[in-house]
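Reading through the structure tokens given below for one structure.
The values are calculated or read from the model by the stated rules, or taken from the named source; none is laboratory data. Given the structure is predicted, the values throughout are model-derived calculations rather than measurements. Positions of Cβ are generated from backbone atoms using ideal geometry, with glycine treated the same way; all protein chains shown enter the neighbour counts. These accessible areas exclude ligands, DNA and RNA; they are computed on the full protein's heavy atoms, side chains included. Shrake-Rupley method; radii C 1.70, N 1.55, O 1.52, S 1.80 Å.
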Amino acid sequence: MPVSSEVERPKSAPDGPALPVNELFASLQGEGKLAGVPSTFVRTSGCNLRCWFCDSYHTSWEPTHAWMGVDELVADVRARDPDHVVLTGGEPLIHDESATLLRELADDHHVTVETNGTVVPDAPMDLASISPKLSTSTPTPANAPEGVDVGEWEARHEERRIDLDPLSTLVERHDFQLKFVVTGPEDLPEIEGLLDDLRGVADADILDTDVLLMPEGQTREELATTRTVVADLALERGYRYTPRLHVDLWNDAPET
Ligand SMILES: C[S@@+](CC[C@H](N)C(=O)[O-])C[C@H]1O[C@@H](n2cnc3c(N)ncnc32)[C@H](O)[C@@H]1O
Ligand SMILES: Nc1nc2[nH]cc(C(=O)O)c2c(=O)[nH]1
Ligand code: SF4
Ligand SMILES: [Mg+2]
């Protein structure tokens, strides 16, 4: 289900299946169970949410991109060394064509999909890296990025951010991790409530070690204030902690 209104579609989109691509780059997977693994990142543009803290502003609040045909994307990915690919965004799964890309790459790559868990594609993926959005992600006039008019996005974000149907389908169909962006201890009851709800409806085991707490922070300075608090919470509750290796290594530089 493409959400066309959430990404500007210039007339120059090529014929055939294509995706709005904001970045295509090599890096180390910075987050989650595969942190440290050399990977090719494909970052699509456009998102159905607007987290106030989004570290990919140019795919959400102000989407920018060039169009790439899926064939061209596959050729570019295949020409690179890593057999690990990370499809991210924005929200990659709002684009039907992401499913085409996932089907094309399935045979010869390990593909992680970074998703907010609100949309399910009918497509293979090796790791569904699901990051359900907590109430602390909701944009308001007080926390919005500078110069941004939140407008209808506060209500829209709040209405869309959690949907148990796609979440349960994703964990039933795929290897997965649930990666929560944590701003502080007050986020924990909400995470636990969501896990209870999901365990109640999903026909899949959700182990505490599939649950990763990730500190909120777009820069080294911001992470310096959240990482120890979040690591202590993980230790206390028996969840995994995930660093944001790319931020430690390269701060908020693009294409890292
Ligand atoms: C830009 S999002 C794109 C994928 C998808 N839209 C999602 O939110 O999962 C990539 C990852 O960065 C995380 N993220 C975004 N902004 C962040 C921040 N300020 N601090 C920590 N993690 C953040 C998201 O939760 C997600 O796990
Ligand atoms: N190095 C690196 N690892 C990442 N893992 C998930 C990312 C994302 O933006 O989805 C990301 C990213 O932007 N950079
Ligand atoms: S869901 Fe992901 S891409 Fe969309 S605004 Fe939130 S962090 Fe950014
Ligand atoms: Mg990122």
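Structure data summary
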item: Checking VAL7 against (1) open to solvent by less than 10 Å² (accessible area, probe 1.4 Å); (2) within 14 Å of ligand 1 (Cβ to nearest atom); (3) modelled with pLDDT of 95 or more, the condition it does not meet; result: (3)
item: Region 193-210, residues that are touching a residue at least 12 places away in the same chain (Cβ under 8 Å) and either farther than 14 Å from THR242 by Cβ or in contact with a Gly (Cβ under 9 Å, 6 or more places away or on another chain) (or both); result: LEU194, LEU195, ASP197, LEU198, VAL201, ALA202, ASP203, ALA204, ILE206, ASP208, THR209
item: Unmet criterion (only one of (1) in contact with a helix residue (DSSP H, G or I) (Cβ under 7 Å, 6 or more places away or on another chain); (2) away from ligand 3 (no atom under 16 Å from the Cβ); (3) of a type in the set (Gly, Ala, Ser)) for SER39; result: (1)
item: From the options GLN177, GLN218, residue that is in contact (Cβ under 8 Å) with a residue 60 or more places away in the chain, open to solvent by 30 Å² or more (accessible area, probe 1.4 Å) and within 24 Å of ARG161 (Cβ to Cβ); result: GLN218
item: ALA155 vs. criteria open to solvent by 50 Å² or more (accessible area, probe 1.4 Å), modelled with pLDDT of 95 or more, away from ligand 4 (no atom under 16 Å from the Cβ) and in a helix (DSSP H, G or I); result: yes
item: Lone qualifier among VAL211, VAL171 - being among the hydrophobic types (A, V, I, L, M, F, W, C) and either in contact with a strand residue (DSSP E or B) (Cβ under 7 Å, 6 or more places away or on another chain) or over 23 Å from CYS47 (Cβ atoms) (or both); result: VAL211
item: Residue in region 98-135 that is farthest from ligand 2 (Cβ to nearest atom), counting only those that are assigned to a helix (DSSP H, G or I) and in contact (Cβ under 8 Å) with a residue 60 or more places away in the chain; result: THR100
item: Some residue of region 66-78 being farther than 28 Å from GLU154 by Cα, within 15 Å of ligand 2 (Cβ to nearest atom) and either in contact with a helix residue (DSSP H, G or I) (Cβ under 9 Å, 6 or more places away or on another chain) or without any contact (Cβ under 8 Å) to a residue 40 or more places away in the chain (or both); result: no
item: Any chance TRP52 is modelled with pLDDT of 95 or more, away from ligand 4 (no atom under 15 Å from the Cβ) and surrounded by fewer than 19 Cβ atoms within 10 Å (Cβ to Cβ); result: no
item: Criterion (within 16 Å of ligand 4 (Cβ to nearest atom) and open to solvent by 10 Å² or more (accessible area, probe 1.4 Å)) met by exactly one of THR112, THR64, THR118, THR140; result: THR64
item: Test result for ARG240, among the basic types (Lys, Arg) and more than 12 Å from ligand 1 (Cβ to nearest atom); result: yes
